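The values are calculated or read from the model by the stated rules, or taken from the named source; none is laboratory data. Quantities reported herein were computed from a predicted structural model and do not represent experimental measurements. Quick reminder, even Gly has a Cβ in these numbers, built from the backbone with ideal geometry, and neighbours come from all protein chains shown.
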Amino acid sequence: MLRFTLKRAVLMVFMLLGLLAITFTISHIAPSDPAALAAGPDANVEMIERYRVEYGLDRPVYEQFVVYLGRLLTGNWGKSIHTTRMVWDDLLAYFPNTVELVLFSILIAIAIGVPLGVIAAVYQNRPVDHMIRILTVTGVAMPMFWLGLMAQLYFALYLEWFPLGGRIEMMTDPPRDITHLLMVDALLQGQFSTFVEALHHIVLPAVALCFPALASIIRVNRAEMLETLNQDYIVNARAQGLSTFRIVAVYALKNAMLPTMAIIGLRFGWMLGGTVLVETVFDWPGIGLYAVQAAISSDFEPIMGATIVLGFFFMMTNFLIDIIYGVLDPRVRDQV
Amino acid sequence: MNGPPMNSVDPLLSVRDFRLEFDTFDGVYQAIDGVSFDVAPGESIGIVGETGCGKSVTARSIMGLLPSPPARVRGGQILFDGEDMLTVGEERLRQIRGNDIAMIFQDPMTYLNPVFTIGTQLVDVILAQQRAKPRAERMTRRDARDHAVEMLRKVNLPNPERQLENYPYQLSGGMRQRVLIAMALSGRPKLLIADEPTTALDVTIQAQILDLIDELRADFGLSVVMITHDLGVVASVCDRVVVMYAGQIVEDASVARLFDHPAHPYTRGLLASVPHPGRPATSLSGIPGSLPNLLDPPSGCRFHGRCALAGDDCLQPPPNTVLAERHKVACWRAMEGAGAVD
Ligand SMILES: Nc1ncnc2c1ncn2[C@@H]1O[C@H](COP(=O)(O)OP(=O)(O)OP(=O)(O)O)[C@@H](O)[C@H]1O
Ligand SMILES: [Mg+2]
């Protein structure tokens, strides 16, 4: 298992370098002459040359890349024009909110999707299965922002069960940053009312966001369960007198969870980068909003920053899924 | 007053006029049609017949393992120790499985769960058996583990303690079949149903597994139903043979009788297709044709379409003839052509 993990980790470092090489290429090489761009339209040749030296653009490309990596490592990710703050600080302020939202959302999708997938498979082609199918089709077909708006109308405005939007109430003091995840920080510092308030705020956007993931988790889990329940080892388990519950919930599900994990990971990655609509509807201060605002105002550095962070987390997710795969399946673990 | 004869014992398993069909897209498939046979305590019977004749379906029906739908029981009884397995219900069946009747299967590669260790699976099965017992007699997890090791030792698996930590893919086919046998016998069942337990194994391993089953049979006082299409297997481990054809039993005889005096033309064909020292099997000695379509079974004897001796009377259901004390056959031409096999 250790070797397996190490191997995946090394692989991930290389993928990360690949990602950074791409962002580097986009920001340093792709503009026909970045120095001219930086110097501005009115600059003369001399000024452009000065910029070229100042930014190290006259150095060999690999040296520039190393300098670029160094900059990123020291937290110098450039400056945002539209927030006028350092990109790193912005990311630290916005991204954890998105992570929280997406984590919460995927947990809901897993907690509901996996059991529903199992139930749909066990009661294949019976009424329960059809009802669950309606849910999955809805999840795929409904636009997220529309679901969000409807949820707002009904649960926030009409029933007043949940707040309309935002991360916490304006008047509440957020907890001191430890992990930057607000709910976790609130818990760590014993501010339970803040935690409950944050929880209260996260429910609607998380539910609105989870539907597409929920739908695919149900679909994949159902299909995998159907296949697994047909396997010989299930027949054997029954012949040995194991209870139906144990056969379904342990013997079959653990096998079916392998492909389901893959889809969960994939969905999680997509959700990280696909929160902007929900964040807009619920006024959620996340990276989706931040990146879109940056894009609208042609603010280059924040876009690159957001790209790197999202890419990094996408890879992290895949890495984690690989590890979980290894934990679940001994064959994967040992075939290093 | 006429009591039962002194030497006859109540059978452990008694399948009586069992009928089962499958609902398929093409219609109703009459897989099992009026199958009857008994298994006495401690007896070992073989069920033979070509592929698709209904051996596995019969075996799985005994344990209530066929999914319904598509399977549908049309009649008959499967009495085990006096209880009808067709009517006892799932809860009781689950207690009987593993504790009273156990089963092993054809392909040991696929019958163990790939993502759990041997130990987990074995202990789980042993713990499941405990639920049928009164609380005071149940094994703890510790006991179950010790019992698992003991069972692995009984099936001659080297390093039983270490095997508990292994996953199925780390074991060879023969070893896996030993694990499955250990699992099946861990609840000390009275009846072991073995559905082609050696077909997927190398010849040398086959012999070892058969020896093991034979040994354990004596050890545990087991009755065995051995399903196979290999008459060699039957000869080596069975007391009696039931020959199946197209969902029916065509002949039922002690092994010695069957090999020396096969009465049904189908049985004779089967025997003739066994390679023999000095008389290698040729395609000529096999049985021409193939199984009839059981969506629309032929009337009368189901074998008549392939039978060299068939005549008009064969379109009527054949009589069940008792030829000797332990020899029954369902055929109009039971004795004709006997001796075709030397
Ligand atoms: N679930 C099912 N649905 C429809 N038909 C089935 C089903 N299971 C078995 N059958 C049919 O029942 C017949 C008997 O099958 P069975 O598996 O008992 O054959 P078998 O004698 O064990 O053959 P083999 O030697 O190949 O194992 C086959 O023709 C098969 O097509
Ligand atoms: Mg079979």
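Things to note:
- Scanning region A:229-253 for residues that are buried (at least 24 other Cβ atoms within 10 Å of the Cβ) and within 29 Å of the chain's Cα centre (by Cα) gives a single hit, A:ALA252.
- In region B:173-292, counting only helices (runs of 4 or more DSSP H) that sit wholly within it, the ones holding 2 or more residues that are more than 14 Å from the chain's Cα centre (by Cα), hydrophobic (A, V, I, L, M, F, W, C) and closer than 18 Å to B:PHE105 by Cα span B:173-185, B:203-220.
- Applying the set (1) crowded, with 16+ Cβ neighbours inside 10 Å; (2) hydrophobic (A, V, I, L, M, F, W, C); (3) not in a helix (DSSP H, G or I) to A:TRP88 leaves exactly one unmet item: (3).
- Here the condition is being at pLDDT 90 or above, within 14 Å of ligand 2 (Cβ to nearest atom) and within 24 Å of B:PRO317 (Cα to Cα); of B:ILE47, B:ILE78, it holds for B:ILE47 alone.
- Filtered residues of region A:320-331 (kept if within 16 Å of the chain's Cα centre (by Cα) and surrounded by fewer than 17 Cβ atoms within 10 Å (Cβ to Cβ)): A:LEU320
Here is a yes/no grid of residues against (1) more than 27 Å from B:ALA31 (Cβ to Cβ); (2) out of contact with any Gly (no Cβ under 9 Å at 6 or more places or on another chain); (3) touching a residue at least 24 places away in the same chain (Cβ under 8 Å):
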site	(1), (2), (3)
B:GLU150	yes, yes, no
B:PRO158	yes, yes, no
B:LEU164	yes, no, yes
B:GLY173	yes, yes, yes
B:PRO197	no, yes, yes
B:VAL203	yes, yes, no
B:GLU215	yes, yes, no
B:GLY221	yes, no, yes
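- Residue match in region B:188-202 (condition: at pLDDT 90 or above and polar (S, T, N, Q)): no
- Applying the set (1) more than 14 Å from chain B (Cβ to nearest Cβ); (2) surrounded by fewer than 20 Cβ atoms within 10 Å (Cβ to Cβ) to A:ASP334 leaves exactly one unmet item: (1).
- Failed criterion for B:VAL39 (all others in (1) away from ligand 2 (no atom under 16 Å from the Cβ); (2) within 26 Å of B:VAL255 (Cα to Cα); (3) at pLDDT below 90 hold): (3)
- Unique residue being closer than 14 Å to A:TRP284 by Cβ, among the small types (Gly, Ala, Ser), assigned by TED's automatic domain parsing to the domain that holds A:ILE264 and modelled with pLDDT of 90 or more when the list is A:ALA206, A:ALA156: A:ALA206
- Residue within region B:81-98 that is within 16 Å of ligand 1 (Cβ to nearest atom), crowded, with 20+ Cβ neighbours inside 10 Å and hydrophobic (A, V, I, L, M, F, W, C) present: no
- Within region B:53-80, being over 14 Å from the mean Cα position of the chain (by Cα) and within 13 Å of ligand 1 (Cβ to nearest atom) holds for B:LEU66, B:PRO67, B:SER68, B:PRO69, B:PRO70, B:ALA71, B:ARG72.
- Residue list for region A:46-71, restricted to those being in a helix (DSSP H, G or I) and acidic (Asp, Glu): A:GLU46, A:GLU49, A:GLU54, A:GLU63
- Among the residues of region B:224-233, those identified as over 16 Å from B:SER14 (Cα atoms) and more than 15 Å from ligand 2 (Cβ to nearest atom) are B:LEU231, B:GLY232.
Conditions tested, residue by residue: (1) farther than 22 Å from A:ILE134 by Cβ; (2) within 13 Å of chain B (Cβ to nearest Cβ).
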residue	(1), (2)
A:GLU197	yes, no
A:HIS200	yes, no
A:CYS210	no, no
A:SER216	no, no
A:ASN230	yes, yes
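- Which numbered condition B:LEU157 misses (of (1) within 14 Å of another protein chain (Cβ to nearest Cβ); (2) of a type outside the set (Phe, Trp, Tyr); (3) over 17 Å from A:ILE234 (Cβ atoms)): (1)
- Residue match in region A:98-120 (condition: in a helix (DSSP H, G or I), over 22 Å from A:ILE321 (Cβ atoms) and among the aliphatic types (A, V, I, L, M)): yes
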